[in-house]
1. What's the number of the condition B:Ser65 fails, among (1) within 8 Å of DNA strand D (Cβ to nearest atom); (2) in contact with an Asp or Glu (Cβ under 8 Å, 6 or more places away or on another chain); (3) among the polar types (S, T, N, Q)?
2. Counting only residues that are away from DNA strand C (no atom under 16 Å from the Cβ) and modelled with pLDDT of 90 or more, which one in the range B:56-74 is nearest to the other protein chains (Cβ to nearest Cβ)?
3. Need the failing condition index for A:Arg71 against (1) closer than 19 Å to A:Ser52 by Cα; (2) surrounded by fewer than 14 Cβ atoms within 10 Å (Cβ to Cβ); (3) under 19 Å from the mean Cα position of the chain (by Cα), just the number.
4. So for the range A:123-133 (the condition being within 23 Å of B:Ala35 (Cβ to Cβ), within 13 Å of chain B (Cβ to nearest Cβ) and within 16 Å of DNA strand C (Cβ to nearest atom)), does at least one residue qualify?
5. Read through the list (1) open to solvent by 60 Å² or more (accessible area, probe 1.4 Å); (2) within 10 Å of DNA strand D (Cβ to nearest atom), then give the number of the only condition that B:Gly50 fails.
6. For the range A:75-99, name all the residues that are surrounded by fewer than 17 Cβ atoms within 10 Å (Cβ to Cβ), within 13 Å of DNA strand C (Cβ to nearest atom) and not aliphatic (A, V, I, L, M).
7. Could you check, for the range B:101-113, whether at least one of its residues is buried (at least 21 other Cβ atoms within 10 Å of the Cβ) and either over 30 Å from A:Arg133 (Cβ atoms) or more than 13 Å from DNA strand C (Cβ to nearest atom) (or both)?
8. In the range B:68-106, how many residues are among the small types (Gly, Ala, Ser), within 8 Å of DNA strand D (Cβ to nearest atom) and under 24 Å from A:Thr30 (Cα atoms)?
Number of protein chains: 2
Amino acid sequence: MSDTSDESPAPGDEPRAAQAPRGRRPVAVTLWKTAQPLIRGFDALLVEHGASWQVWHILLALGTSPPRTQRELAGAVGIREATLTHHLRAMEDNGLIRRTRMPDNRRVQHVEVTEDGARLFEELRAAAVEFDRRLRAVIGSEDDVARFLEVLGRLAAAAPEGGRDILPEDWPREPGVR
Amino acid sequence: MSDTSDESPAPGDEPRAAQAPRGRRPVAVTLWKTAQPLIRGFDALLVEHGASWQVWHILLALGTSPPRTQRELAGAVGIREATLTHHLRAMEDNGLIRRTRMPDNRRVQHVEVTEDGARLFEELRAAAVEFDRRLRAVIGSEDDVARFLEVLGRLAAAAPEGGRDILPEDWPREPGVR
DNA sequence: ATCTAATCCTTCGAGATCTAAGGTTTGATC
DNA sequence: GATCAAACCTTAGATCTCGAAGGATTAGAT
């Protein structure tokens, strides 16, 4: 996006009613405007393979560390339970997953990846790995990537616990402040 | 979201080790799961002030380097024209902006921030600046922040030109490849 | 002049997402 | 065990977003 490099206030910039914070581009905005097109590009890639970013994300979460409940799964994918229900129903219709009530706790829906689902994920994985390889190349050396991800981890860790259920009064906290 | 921090060495929390078996967490996913809660937290903050993340973003774009057309504005905010129309209508109804047809080119709608809009933005600015200050503190020194933003810039620059209109075949490109 | 194409914006319909509220099942308390 | 609360999921309604198509205006070509 050309706008992500708009530190050029254009020579002869006019004092407008709304004045931006001088010089500093907000971190959160920059982060957003970077993540946004990347995810969209990734999604476009997966759509070509007959899937979508969120379907892939759900399959990934199911494969990585199988969540017990849909709530956990939603948390892992970063969406709400209601939204997950929506996706799971579609995925179930498409035969990618199977849902069964557990006899020992009939509240939970156990989500399982079907053969078809596993096959699809395997196909997507190649594209995803290649995509990731290129992004890492853009970032730099392995150390650069590690440092970058570490910072992201710290930022994410600074986010409120429940995802976005309750915002503590003084959030985000200073580093070290507990 | 506890899951977004499941790889960070996070000082003082370690509830679950649920880690991807084959190492390498996808960069795009990590980026997304960091940006997502941050933006949501920021939005929640602004909502308390009677606005929203996108309203603030639009006001910011209008103030920073006033776009000539709505198309430019949409690009600056990272949304589609159709979506922008939606927001602008609401903002116009709320008296935050004013839209007028230009006599020399009656296709374009010139967007202007009203007094009320400027006043609201001024109020939001304090919250936004403080929010940003804290995020930067989480990242580290000023140099750390600069390095971090530089990487984000490179990632964003690697994205396809029009934002996400056309995905070149070999995207994202290797650094240096043109 | 007129026709065609491009630019700019809006409308429409569909999909993703959220919050809030509801339904079921389970656990705890009396 | 009856009742109340909690856990888990779904449904309903609203909002944000997009793509595609349409309307209006301008610029370019004939």
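1. Here B:Ser65 clears every test but (1).
2. First, pick out the residues of the range B:56-74 that are away from DNA strand C (no atom under 16 Å from the Cβ): B:56-57, B:59-60, B:63-64.
From what's left, modelled with pLDDT of 90 or more: B:56-57, B:59-60, B:63.
Numbers: B:Trp56: 9, B:His57: 7, B:Leu59: 5, B:Leu60: 6, B:Gly63: 3 Å.
Step by step, filter the range B:56-74, then rank; the result is B:Gly63.
3. Only one criterion is unmet by A:Arg71, namely (1).
4. Going residue by residue through the range A:123-133, those that are within 23 Å of B:Ala35 (Cβ to Cβ) are A:124, A:127-133.
With within 13 Å of chain B (Cβ to nearest Cβ) added as a condition, the list becomes A:124, A:127-133.
Pick out the ones that are also within 16 Å of DNA strand C (Cβ to nearest atom) and you get A:124.
Within the range A:123-133 (the criterion being within 23 Å of B:Ala35 (Cβ to Cβ), within 13 Å of chain B (Cβ to nearest Cβ) and within 16 Å of DNA strand C (Cβ to nearest atom)), the answer is yes, since at least one residue qualifies.
5. B:Gly50 satisfies every listed condition except (2).
6. As a first pass, look at the range A:75-99 and keep what is surrounded by fewer than 17 Cβ atoms within 10 Å (Cβ to Cβ): A:80-83, A:85-86, A:89-90, A:92-95, A:98-99.
With the extra rule that they be within 13 Å of DNA strand C (Cβ to nearest atom), the set shrinks to A:80-83, A:85-86, A:89-90, A:93-94.
A:Arg80, A:Glu81, A:Thr83, A:Thr85, A:His86, A:Arg89, A:Asp93, A:Asn94, listed by residue number.
7. Yes: the range B:101-113 contains one or more residues that are buried (at least 21 other Cβ atoms within 10 Å of the Cβ) and either over 30 Å from A:Arg133 (Cβ atoms) or more than 13 Å from DNA strand C (Cβ to nearest atom) (or both).
8. Quick first cut of the range B:68-106, residues among the small types (Gly, Ala, Ser) only: B:74-76, B:78, B:82, B:90, B:95.
Right, trim to within 8 Å of DNA strand D (Cβ to nearest atom) and you get B:74, B:78, B:82, B:90.
With under 24 Å from A:Thr30 (Cα atoms) added as a condition, the list becomes B:74, B:78, B:82.
So the answer is 3.
The values are calculated or read from the model by the stated rules, or taken from the named source; none is laboratory data. Only a predicted model underlies this, so the values are computations on that prediction, with no experimental measurement involved. For neighbour counting, all protein chains shown are included, and Cβ atoms are generated from backbone atoms with ideal geometry for every residue, glycine included. SASA here: full protein model, heavy atoms, side chains in, ligands and nucleic acids out. Shrake-Rupley method; radii C 1.70, N 1.55, O 1.52, S 1.80 Å.
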